[in-house]
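Below you'll find the structure, written out as structure tokens, and then a few comments.
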Amino acid sequence: MENLMNNITDVLILLFITITFLQSGLDKVFDWKGNLGFLKEHFSKTFLKSSVPLMLLSITVLEIIAGVLSLAGIIEFIVNGSSEIALYGVVFSSLVLLMLLFGQRIAKDYAGALTITCYFVISIFGVYIISAN
């Protein structure tokens, strides 16, 4: 319990990332058809339109990896107070968010890009505080 309390900010950020990415990734798995249809329309007027299925698969896998790494990072903090996996989780989630931001900017969905920026701020703050451990 002491490891948890000594790293509570880190753990809360990791929990946020875990929930965000696992929910998003699993939603894509369980509603593949709906997500694919939405994204095909979303990118229909961009140079990415023919890559939508591959992009969706890539983002789905990467989101699930980011969520699992963050969850493993929480467990690592609690068990031995270490932060190596946690750092991988927040860095990975930051990279996934940059990929998502790129897509939103290409699609000219500036409101969506702003939303991703909010998540990115939390993620990059996680990189900062966890790398300081």
Can you pull the one-decimal nm distance between simple spin-label points at L26 and I106, each 7 Å off the Cα toward Cβ? 2.9
Nearby lysines by direct alpha-carbon distance to K33 (threshold 18 angstrom, same-chain neighbours under 8 apart not counted): K49
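Test of the criteria: in the stretch 28-133, which trypsin sites (Lys or Arg not before Pro) are in a DSSP loop and have at most 11 other Cβ atoms within 10 angstrom of their Cβ?
Here the trypsin sites (Lys or Arg not before Pro) that fit, given the DSSP loop and packing criteria, are K45, K108.
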Just to check I understand the Karplus step: with θ = phi - 60° and J = 6.51 cos²θ - 1.76 cosθ + 1.60, what whole-Hz values come out for the stretch 51-65, glycine and proline as x? 9, 4, x, 5, 5, 5, 4, 4, 5, 4, 4, 5, 5, 5, 4
Relative to the first principal axis of the alpha-carbon coordinates of the chain, what is the inclination of helix 32-42, with its axis defined by its Cα atoms, in degrees from 0 to 90 and to the nearest 10? 60
Diffing the stretch 93-103: the Karplus 3J(HN,Hα) column from phi (6.51, -1.76, 1.60, θ = phi - 60°), in whole Hz with x for Gly and Pro, holds 5, 4, 5, 4, 5, 5, 5, 5, 4, 4, x
Ratio of the stretch 2-131's C-alpha Rg to 2.2 N^0.38 Å, to two decimals? 1.12
For the stretch 2-131, with only Lys/Arg (+1) and Asp/Glu (-1) charged at the beta-carbon, what is the dipole magnitude about the Cα centre, in debye rounded to 20? 720
Neighbour counts of other C-beta atoms within 10 Å: give me F21, F120, F102, F47 arranged from fewest to most. F47, F102, F120, F21
Pairwise FRET efficiency - L12 versus F38, Cβ, R0 = 41 Å, nearest 0.05: 0.85
If I model a spin label at S58 and I19 as a point 7 Å from the Cα along the Cα→Cβ vector, what separation in nanometres do I get? 3.0
Positive-pole candidate from G25, Y119, S58, dipole of the stretch 2-131, charges at beta carbon: S58
With θ set to phi - 60° and the Karplus curve 6.51 cos²θ - 1.76 cosθ + 1.60, what are the ³J(HN,Hα) couplings of the stretch 115-121 in order, to the nearest whole Hz, using x for Gly and Pro? 4, 4, 4, 4, 5, 5, 4
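Every read-out reported here was derived from the displayed coordinates using simple, explicitly stated rules and does not represent laboratory data. Note that the structure is a prediction, hence the values are computed from the model and not measured. A quick note on method: Cβ atoms are made from the backbone with ideal geometry, for glycine too, and the neighbour counts reach across all protein chains shown.
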